[in-house]
Amino acid sequence: MAEMVRVQDSKDINPISLNEQSLTKTDKVIVLFILLYWLAYENVIFFWANEIGGSGFMVATYALKFFIPFGLLFFSGICNAIFSDKYTKFYLLFFILFLAWIFITTAINGDVIEWLKLVPRLAFFISVFSLFYKRPILFFSFSKIMVIYVIYALFQYILIYITGSYSATIEVPFGRMTDILGLYANVTAMMYFPSTPLPFIRLSSYWCEPSNAAASCFASFYLALYLYANGFGTKWKKMSYLCFTAGVLTLSNAGYFALALSILGGVFFVKRGSISYSFRYKLILLIVAFFMILIVAYGRDYVRENYVENDLLRAFVGLRELNVGTADGGRIELASNILDILSNNFFGVGLGNSDVGDDNQSASALFFWLLIGGYFGVVLLLLRDFTVALSFRKSTALNSSHIYLIQAFIVVMAQQLSYGSWMNPNYFILVAAVLAFNAKLTSRIALNGGS
């Protein structure tokens, strides 16, 4: 996948002009707050804020999640392009309609306080879109930090084996942490097999679980290629391989699935004549992508029936125990339960509905919102993101390297189909960049008289 990288085709319209490539002090503060908001949803200590740091830390976490989006919006203002660019305009329209619908279902059946938590996320999307449109270097700077963060996680992972710290773990509310020379890491998903002297550690670092780590790692793989393709130096291409390695070491089926869909997205949306694939290369990528999807769908059952003594294959597909661990992980049964609930609640149960037990809460973004907002709510949500997909071909035609940004977005979207919400900073930062850069490149064509 990295072999197709080319540094800025001469026909590309660059989202960053030469006088925009340096960061001001204000820019650095903005990037820091975007990073803090991202960490508030990706770092495990914020997810378990009360259990780990007590009520004071929990209040601080909620304060971060509330004030950062509105603070960024106050500083950025609302960019006119959010209303003039057709893709962004419809994205925002469907987003607002979705939130309005969820408010109705929640007001009837649930807890409106839970709905209020969604409002800062809308503010965050508007603010980062406006900031990236006005100062694209902000997104490139955030991307650099994200790539470095993932490589740090890989370094941390290697240290776990070198120091042998996997043998001395600390019990915490969410599972287990290991202390590596003072650098802690989440090893809750570590796998042991009787015939293997060392455990199979699933790279999780400071993420809640390997699936979340996989999304960030594979997205960073593409973002590093995006940085290289936009002229930030060959070191980013080299760093992309490290990010890819980190993604594989998560041993996450959701990660494999997300990577497969991003490969298919690259084949489908890449523009001929810029960053291009030969027919043979396309064929190879298609075979690899479909093979990965087969592994996700049937890998555990196949290994259980044919290679049950091969610990490496068992670790790769996540087959911890022989009597559990089917490919769907109980998701099919959960989806069936949700559909049964919707048969009596067609419009959804709303957020914070105490009558819906935890057993019926899905980790999948699609089924979570299906339960909360019913069929109409999910249609609005899918229409929101379909408008983003409509912009892909135009984006890659304007700037060939944009394909890597699109693939990073596809990774996060696909991973959150298994574990996520399509409503967190990891998603919003990427969708804002996709839409903002498409709008900016389009406006530059208009300023140049359509040429």
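Apart from one condition, residue 204 fits all of (1) surrounded by fewer than 24 Cβ atoms within 10 Å (Cβ to Cβ); (2) at pLDDT 85 or above; (3) in contact with a helix residue (DSSP H, G or I) (Cβ under 9 Å, 6 or more places away or on another chain); the exception is (1).
A quick yes/no check of all residues on (1) of a type in the set (Val, Ile, Thr); (2) touching a Pro at 6+ places or on another chain (Cβ under 9 Å); (3) under 30 Å from residue 348 (Cα atoms):
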{"position": "88", "(1), (2), (3)": "yes, no, yes"}
{"position": "115", "(1), (2), (3)": "no, no, yes"}
{"position": "119", "(1), (2), (3)": "yes, yes, yes"}
{"position": "138", "(1), (2), (3)": "no, no, no"}
{"position": "142", "(1), (2), (3)": "no, no, no"}
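The single condition among (1) outside any helix (DSSP H, G or I); (2) surrounded by fewer than 17 Cβ atoms within 10 Å (Cβ to Cβ); (3) among the hydrophobic types (A, V, I, L, M, F, W, C) that residue 83 does not satisfy is (1).
Looking at 98, 33, which one is modelled with pLDDT of 95 or more, more than 26 Å from residue 386 (Cβ to Cβ) and within 22 Å of the chain's Cα centre (by Cα)? Show your work before the answer.
Details: 98 fails: more than 26 Å from residue 386 (Cβ to Cβ).
None of the others qualify; the one that does is 33.
Could you please find all residues in segment 133-169 being in contact (Cβ under 8 Å) with a residue 12 or more places away in the chain and more than 30 Å from residue 402 (Cβ to Cβ)? 156, 157, 159, 160, 161, 163, 165, 166, 169 - these are the residues of segment 133-169 that are in contact (Cβ under 8 Å) with a residue 12 or more places away in the chain and more than 30 Å from residue 402 (Cβ to Cβ).
Quick check: is even one residue across segment 227-236 under 28 Å from residue 149 (Cβ atoms), assigned to a helix (DSSP H, G or I) and β-branched (Val, Ile, Thr)? Yes, the conditions are met somewhere in segment 227-236. Within segment 28-69, restricting attention to residues that are closer than 25 Å to residue 126 by Cβ and among the small types (Gly, Ala, Ser), which residue is surrounded by the fewest Cβ atoms within 10 Å (Cβ to Cβ)? By that ranking, first place goes to 63. Of the set (1) within 19 Å of the chain's Cα centre (by Cα); (2) in a helix (DSSP H, G or I); (3) within 22 Å of residue 418 (Cβ to Cβ), all apply to residue 387 but (3).
Comparison of 354, 336, 362 shows that the only residue that is modelled with pLDDT under 80, in a helix (DSSP H, G or I) and among the hydroxyl-bearing types (Ser, Thr, Tyr) is 336.
Filter segment 261-271 for residues that are touching a residue at least 40 places away in the same chain (Cβ under 8 Å) and more than 14 Å from the chain's Cα centre (by Cα); which is farthest from residue 399 (Cα to Cα)? Let's see the steps before the verdict.
Going through segment 261-271, the residues touching a residue at least 40 places away in the same chain (Cβ under 8 Å) turn out to be 261-263, 265-266, 269-271.
Next, only the ones that are more than 14 Å from the chain's Cα centre (by Cα) stay: 263, 265-266, 269-271.
On the way: 263: 18, 265: 16, 266: 14, 269: 12, 270: 10, 271: 9 Å.
That would be 263.
Considering the conditions (1) modelled with pLDDT of 95 or more; (2) crowded, with 21+ Cβ neighbours inside 10 Å, residue 438 is excluded by exactly one of them, (1). For residue 112, the criteria (1) surrounded by fewer than 20 Cβ atoms within 10 Å (Cβ to Cβ); (2) β-branched (Val, Ile, Thr); (3) within 30 Å of residue 28 (Cβ to Cβ) hold in every case but one, which is (3). Looking across segment 403-435 at every residue that is in contact with a Phe, Trp or Tyr (Cβ under 8 Å, 6 or more places away or on another chain) and not in a helix (DSSP H, G or I), the one that is modelled with the lowest pLDDT is identified as 420.
Scanning segment 50-70 for residues that are touching a Phe, Trp or Tyr at 6+ places or on another chain (Cβ under 7 Å) and more than 20 Å from residue 149 (Cβ to Cβ) turns up just one, 69.
The values are calculated or read from the model by the stated rules, or taken from the named source; none is laboratory data. Please read these numbers as outputs of a predicted model, since none were measured by experiment. Every residue, glycine among them, receives a Cβ derived from its backbone with ideal geometry; neighbour counts consider all protein chains shown.
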